[in-house]
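Computed from the coordinates by the stated procedures, all read-outs in this text should not be read as laboratory data. What you see is a predicted model; the values in this text were computed from it and never measured. Ideal geometry is used to build each Cβ from the backbone, glycine not excepted, and the neighbour counts take in all protein chains shown.
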Amino acid sequence: MAQRRAGTVTVAEVFAMVQDDDLAKRTRGSQVLRAVPGCGPARVAAVMATCGVEVKRRVGGLGEAQRERLLAALAHW
């Protein structure tokens, strides 16, 4: 997630890494979203709730539709 914080990897790229990267697969979705500048715990929890994703859900366990909803929610920031 250090790459995400540095701005070298987008959230969409982290979601795409799930096929090849065990670290990305095991990382919680909330951690990925918290790495986005300006996203604190309250905002992340609200976005995940509106997208129908549990806060403790790991990126590897997200379905395609859930990933798309999260990316769409991020586009509004």
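Amide H of Val9: which non-local residues (sequence gap of 5 or more, or other chain) have their own amide H closer than 5 Å, using H built in the peptide plane?
For Val9, the qualifying residues are Arg4.
Multiply the residue separation of Glu54 and Leu71 by 0.36 nm, subtract the distance between their alpha-carbon atoms, and state the gained length in nm to one decimal.
Working: separation 17, 0.36 × 17 = 6.12 nm, distance 1.53 nm.
Taking Glu54 through Leu71 to full extension adds about 4.6 nm, to one decimal.
State, to one decimal in nm, how far the label point of Arg43 lies from the label point of Asp22, with both points 7 Å from Cα in the Cβ direction.
3.3
Using modelled backbone amide H atoms (1.01 Å from N, in-plane), which distant-in-sequence or interchain residues come within less than 5 Å of Arg58's amide H?
Under 5 Å from the amide H of Arg58: Gly29.
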